[in-house]
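Have a look at the structure below, then the notes.
The values are calculated or read from the model by the stated rules, or taken from the named source; none is laboratory data. A quick note: this is a predicted structure, and the numbers were derived from the prediction, not measured. Backbone-built Cβ (ideal geometry, glycine too); neighbour counts: all protein chains shown. SASA here: full protein model, heavy atoms, side chains in, ligands and nucleic acids out. Shrake-Rupley method; radii C 1.70, N 1.55, O 1.52, S 1.80 Å.
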Amino acid sequence: QSEVLRSLTSYEPLGRGAYGEVRKARYLHSECAVKIVRNTRDSKEELLALQCLDHPHIIRLFAAARIEPEEQFVTQLARGGNLDQAMRMVMRQTGASAPPAGWIR
């Protein structure tokens, strides 16, 4: 087991999707999210992107571990739900029938 995985405690499921799952945990005495996905080209590209990004509106990557056939990303815990929930809340509050234009490329 990697040093990263040995530092994680108290896993609690947060959600599951087509590509993996997310769990709430503690890493080095702080709350975090652990994203567990199959090791694919997409997961490698996501890891590279997260390693390069440092922005207040993007989840911060703390650590990553590969235990075949999975990748585990230890990230900042996003409070307040997922992106879909945030878009729906903004649409409800504004009466819009679509997400704000700046949220979609």
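If eta is 0.890 mPa s and T is 25 °C, what Stokes-Einstein diffusion coefficient results for the chain, Kirkwood Rh from Cα pairs, in µm²/s? If you can, show how the numbers build up before the last one.
On the way: Rh = 15.2 Å.
In µm²/s, the coefficient is 162.
Given the options Pro13, Pro56, Pro69, which has the most mean-square fluctuation in a GNM of the chain, springs set between C-alpha atoms less than 10 angstrom apart? Among Pro13, Pro56, Pro69, the largest mean-square fluctuation in the Gaussian network model of the chain belongs to Pro56.
Computed on the chain, with alpha-carbon pairs under 8 angstrom and 6+ residues apart, the relative contact order is 20 percent.
When peptides 46-54, 24-32 are ranked by their average number of other Cβ atoms within 10 Å per residue, the highest-first order is 24-32, 46-54. Here the scattering of the stretch 1-60 is modelled by Debye summation over its C-alpha atoms, one equal scatterer each and no solvent; at q = 0.12, 0.30 Å⁻¹ the log10 of I(q)/I(0) is -0.33, -1.22. A 1.4 Å probe run over the protein chains yields, for the chain, 75 Å² of accessible area per residue, whole-number rounding. Near the amide H of Gly15, within less than 5 Å, lie the amide hydrogens of Val22, all on another chain or at least 5 residues away, with H placed in the peptide plane.
Relative to the longest principal axis of the Cα atoms of the chain, the long axis of helix 41-52 makes an angle of roughly 80 degrees.
Computed 3J(HN,Hα) for the stretch 4-20, one whole-Hz value per residue from the Karplus formula 6.51 cos²θ - 1.76 cosθ + 1.60 where θ = phi - 60°, is 4, 5, 5, 7, 8, 9, 6, 5, 9, x, 10, x, 9, x, 5, 9, x, glycine and proline marked x.
Surface composition of the chain: carbon and sulfur make up 52 percent of the accessible area, probe 1.4 Å. Subtracting the Cα-Cα distance of Cys52 and Met91 from their residue separation scaled by 0.36 nm leaves 10.9 nm.
Computed from label points 7 Å out along Cα-Cβ, the spacing between Asp42 and Glu68 is 2.2 nm.
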